[in-house]
Amino acid sequence: MSQGSAGLAVKRVIVALDPAVEGDVEKLLGIARLACREGAGIKVGLPMLALGGSEAVSEAARLCSGGGLRVLDLKLADIGYVMRLAVESLARGFDAAIAHAFIGSEGALEELKGALEGMGVRLVLVLSMSHQGSAEVIDPCLDRLISVATRVRPWGVVAPATRPGVIARVRSAMPRTVIMSPGVGAQGGRPGDAICLGGADYEIVGRVVTRSPDPVSALRSVAGSIAERCPE
Ligand code: 3DU
């Protein structure tokens, strides 16, 4: 990374806001402001929807309306019609929404992309996942998933921070597409590997920040590690 300082590195960290119990929702909404002010932004998904309802999902986006990337992570994988219904009610106020690439373009991703574009929301496609089970079905199909993404032309893709080599393959096939990489910290990915070794644009960090007694310091510490691993 040419930007060596933790101050710049923190702008490459997206915080995943995943409440474990209902009582976490307020705390995580508090962290949303921090993540958008200091960091690159937030990612909100099914745990927030399940425990805080659609109001909490919208509130997270609203809290970041002053800046920061707001990513809705429903990991959609359905027919276009149903995904359109889901995003029409949930994706307003977000900058991007995540779907699985494996569902294919015709009848699914093309329709979703059109629905999102009509709302000013960008599409992000999952190409590989951070857990070991990704090796069972998803990873052997990586080239095909990349070719789906190349056809659909999403704004961004997701590739795992736990396997920088996979990110590097995606980066070389899609040089201008934004890459977001989850799996840093709690899942074993080292801060900085996704950006410095793989060529990702953002690292997604959840529990390391949200479960910390001091989320500000935790976020800064992740950024510090990224800056250290990515010398000028
Ligand atoms: O493990 P963490 O607490 O840092 O959270 C990781 C987040 O990234 C979480 O919201 C999860 O849904 C998301 N994610 C993965 O962990 C792995 C993927 O392959 C894709 C998304």
Members of the stretch 77-97 found to be surrounded by fewer than 23 Cβ atoms within 10 Å (Cβ to Cβ) and in a strand (DSSP E or B), listed by number: 96
Residue 148 being more than 14 Å from the ligand (Cβ to nearest atom), under 29 Å from residue 120 (Cα atoms) and among the aliphatic types (A, V, I, L, M): yes
Residue ID - farthest from the ligand (Cβ to nearest atom), chosen from residues in the stretch 127-142 that are in a helix (DSSP H, G or I) and in contact with a helix residue (DSSP H, G or I) (Cβ under 8 Å, 6 or more places away or on another chain): 141
Filter result for residue 174 (closer than 21 Å to residue 75 by Cβ, in contact with a strand residue (DSSP E or B) (Cβ under 9 Å, 6 or more places away or on another chain) and either within 15 Å of the ligand (Cβ to nearest atom) or not aliphatic (A, V, I, L, M) (or both)): no
Residue check for residue 157: at pLDDT 95 or above, hydrophobic (A, V, I, L, M, F, W, C), touching a His at 6+ places or on another chain (Cβ under 9 Å) and surrounded by 24 or more Cβ atoms within 10 Å (Cβ to Cβ): no
Residue within the stretch 66-74 that is surrounded by fewer than 21 Cβ atoms within 10 Å (Cβ to Cβ) and at pLDDT below 95 present: yes
Residue among 9, 61, 35 that is in contact with a Lys or Arg (Cβ under 7 Å, 6 or more places away or on another chain), under 27 Å from residue 220 (Cβ atoms) and either away from the ligand (no atom under 16 Å from the Cβ) or modelled with pLDDT of 95 or more (or both): 61
Test: residue in the stretch 104-125 that is more than 30 Å from residue 63 (Cβ to Cβ) and within 16 Å of the ligand (Cβ to nearest atom): no
Among (1) within 14 Å of the ligand (Cβ to nearest atom); (2) surrounded by 17 or more Cβ atoms within 10 Å (Cβ to Cβ); (3) under 28 Å from residue 143 (Cα atoms) - the single one residue 188 does not satisfy: (2)
Residue satisfying condition, being under 30 Å from residue 217 (Cα atoms) and of a type outside the set (Lys, Arg), within set 82, 44, 87: 44
Subset of the stretch 194-227 (residues that are within 20 Å of residue 20 (Cα to Cα) and within 13 Å of the ligand (Cβ to nearest atom)): 204, 205, 206, 207, 208, 209, 210, 211, 212, 215, 218, 219
Selected residue [within 13 Å of the ligand (Cβ to nearest atom), out of contact with any His (no Cβ under 7 Å at 6 or more places or on another chain) and farther than 24 Å from residue 197 by Cβ] from 45, 23, 30: 45
Subset of the stretch 160-185 (residues that are part of a strand (DSSP E or B) and crowded, with 20+ Cβ neighbours inside 10 Å): 179, 180, 181, 182, 184
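The values are calculated or read from the model by the stated rules, or taken from the named source; none is laboratory data. Computed from a predicted structure; not experimentally measured. As a convention, Cβ positions derive from the backbone with ideal geometry for all residues, glycine included, and neighbour counts pool all protein chains shown.
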